[in-house]
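**Q** Questions regarding the structure given below will be posed in turn.
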Amino acid sequence: MKTKNFVTLSHFVNVENLSTAEVLALIERAEYFKNGGATSKLSQPVYATNIFLENSSRTRTSFEMAERKLGLTVIPFDSEHSSTKKGETLYDTSLTMAALGVDLEVIRHSQNEYYQELIHPDNEHHLQIGVINGGDGSGQHPSQCMLDMMTIHEHFGHFKDLKVAIVGDISNSRVAKSDMELLTRLGAQVYFSGPSYWYDSEFDQYGEYQELDQLVNQVDVMMLLRVQHERHEGDPNEQKFDAKKYHEDYGINQRRYADLKEQTIIMHPGPINRGVELADELVEAPKSMFYRQMQNGVFMRMAMLEAVMRGRKLGGLK
């Protein structure tokens with residue numbers, strides 16, 4: 001049991017720059033790891049750090065678990081007591097990590113495309129460190145996107161003509177933006193639902209907006225999104241938000257769950273607002289992939305990290 005089509009990347013910051021062949025190869029590699037496949041032996045130590053400047057539990061811990069499974073040495077980074085609190089720029093923080101011998105950094109940041117200055121330094125800057133994007137503002141969440149693709153592929157074995165509904169706070173979701181582009185490219189049919197005030201016509205290029213109850217018994221994948229209250233500053237809809245009403249209008253309750261097709265799966269990137277996007281008693285229901293998504297995240301992040309290690313020839317990998 002060995003995959004041969006290794007992906008090699010200098011950085012992993014979004015999914016848009018991946019070819020379809022690279023996406024499928026990463027899924028294959030992640031499934032290989034999940035099925036007990038051995039990791040590549042490192043002939044030299046590789047040092048990684050996780051710089052999370054926004055709160056996270058799943059993504060940060062998942063990356064650290066992936067790093068340790070690959071045999072990397074993880075250098076702790078405490079954002080609350082770092083020089084970023086003194087006003088140090090992200091570039092200078094990264095320059096410090098590189099100078100100390102760190103090879104890879106996983107970063108989560110509130111600014112969209114924060115990574116541009118790190119991976120495209122100008123002539124006066126010479127940063128040499130591999131960057132993996134753990135989420136940038138409301139822009140991209142490539143590792144969540146890739147673990148979502150793995151979970152769908154694991155369940156159905158393909159993407160062609162699968163009907164996928166993305167439901168909820170779409171405008172503010174980096175998960176939605178990553179997933180809609182890649183799902184469309186892989187051959188799935190994407191639909192949108194949720195509050196119309198959290199939907200933008202720019203998404204029409206990927207799919208069509210429909211009322212949730214029109215989609216429930218039609219789709220193969222019901223992808224729910226967390227209501228991102230922290231990104232609603234100045235949004236008048238936040239002031240009148242009612243969790244119970246949202247659940248009635250846009251959540252998956254027992255009635256809607258019963259209307260799903262037999263093979264339909266429910267997905268959610270987490271954290272779940274129980275009783276809002278998904279009824280509390282359905283979080284671990286048979287159709288819910290929430291737990292499996294978190295499991296798959298470790299193996300997909302292993303594949304992503306390995307691709308950057310190979311691209312940068314770290315640990316003796318080629």
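The values are calculated or read from the model by the stated rules, or taken from the named source; none is laboratory data. Since this is a predicted model, take the numbers as computed values, not measurements. So basically every Cβ, Gly included, is an ideal-geometry build from the backbone, and we count neighbours across all protein chains shown. Quick note on the areas: whole protein, heavy atoms, side chains included, nothing else; ligands and nucleic acids left out. Shrake-Rupley method; radii C 1.70, N 1.55, O 1.52, S 1.80 Å.
**Q** Please verify whether Gly297 is at pLDDT 95 or above, crowded, with 22+ Cβ neighbours inside 10 Å and out of contact with any strand residue (DSSP E or B) (no Cβ under 6 Å at 6 or more places or on another chain), treating the condition exactly as stated.
**A** For Gly297, the condition - at pLDDT 95 or above, crowded, with 22+ Cβ neighbours inside 10 Å and out of contact with any strand residue (DSSP E or B) (no Cβ under 6 Å at 6 or more places or on another chain) - is met.
**Q** What pairs can you find where one residue is in the range 146-165 and farther than 14 Å from Thr264 by Cα, the other is of a type in the set (Asp, Glu) and open to solvent by less than 10 Å² (accessible area, probe 1.4 Å), and their Cβ atoms are less than 6 Å apart, with a gap of 6+ or different chains?
**A** Listed pairs, sorted by first residue: Asp148/Asp179.
**Q** Give the number of residues within the range 183-225 that are within 21 Å of Gly270 (Cα to Cα), outside any strand (DSSP E or B) and open to solvent by 10 Å² or more (accessible area, probe 1.4 Å).
**A** Result for the range 183-225: 2.
**Q** Something else: Check whether at least one residue in the range 265-282 is of a type outside the set (D, E, K, R), within 25 Å of the chain's Cα centre (by Cα), open to solvent by 10 Å² or more (accessible area, probe 1.4 Å) and more than 24 Å from Gly137 (Cα to Cα), and report yes or no.
**A** For the range 265-282, residues of a type outside the set (D, E, K, R), within 25 Å of the chain's Cα centre (by Cα), open to solvent by 10 Å² or more (accessible area, probe 1.4 Å) and more than 24 Å from Gly137 (Cα to Cα): present.
Condition check ((1) of a type outside the set (Asp, Glu); (2) free of Cβ contacts under 8 Å to residues at least 40 places away in the same chain) across all residues:
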site	(1), (2)
Val23	yes, no
Gly37	yes, yes
Leu53	yes, no
Arg58	yes, no
Asp78	no, yes
Val106	yes, no
His120	yes, yes
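**Q** Would you pick out the residues in the range 126-172 that are part of a loop (DSSP other than H, G, I, E, B), under 22 Å from Asp213 (Cα atoms) and touching a Leu at 6+ places or on another chain (Cβ under 6 Å)?
**A** Passing the criteria: Gly168, Asp169.
**Q** Check Arg68 against each of (1) in contact with a strand residue (DSSP E or B) (Cβ under 6 Å, 6 or more places away or on another chain); (2) surrounded by fewer than 15 Cβ atoms within 10 Å (Cβ to Cβ) and name the one condition it does not meet.
**A** Single failed check for Arg68: (1).
**Q** So Arg68 passes all but one of these: (1) under 15 Å from Met309 (Cα atoms); (2) free of Cβ contacts under 8 Å to residues at least 60 places away in the same chain; (3) outside any helix (DSSP H, G or I). Which condition number does it fail?
**A** The one condition Arg68 does not meet is (3).
**Q** Then there's this: Assess whether Glu238 counts as being at pLDDT below 95, open to solvent by 50 Å² or more (accessible area, probe 1.4 Å) and within 27 Å of Tyr199 (Cβ to Cβ).
**A** Against the criterion (at pLDDT below 95, open to solvent by 50 Å² or more (accessible area, probe 1.4 Å) and within 27 Å of Tyr199 (Cβ to Cβ)), Glu238 does not qualify.
**Q** Another one. Can you list residue pairs whose Cβ atoms sit under 6 Å apart, with the first residue in the range 194-208 being free of Cβ contacts under 8 Å to residues at least 40 places away in the same chain and the second being open to solvent by 60 Å² or more (accessible area, probe 1.4 Å)? Count only pairs 6 or more apart in sequence or on different chains.
**A** Cβ pairs passing all conditions: Tyr199/Tyr209.
**Q** Taking into account only those residues within the range 95-112 that are of a type outside the set (A, V, I, L, M, F, W, C) and either under 21 Å from Leu305 (Cβ atoms) or outside any loop (DSSP other than H, G, I, E, B) (or both), which is least open to solvent (accessible area, probe 1.4 Å)?
**A** Glu105
**Q** Have a look at Gly157, Gly168, Gly194 and point out the one that is over 25 Å from Asp280 (Cβ atoms) and not assigned by the TED database to the domain that holds Leu26.
**A** Gly157
**Q** In addition: Working carefully through the options Ala307, Ala303, Ala285, find the one that is among the aliphatic types (A, V, I, L, M) and in a loop (DSSP other than H, G, I, E, B).
**A** Step by step, each of Ala307, Ala303, Ala285 is checked, and only Ala285 is among the aliphatic types (A, V, I, L, M) and in a loop (DSSP other than H, G, I, E, B).
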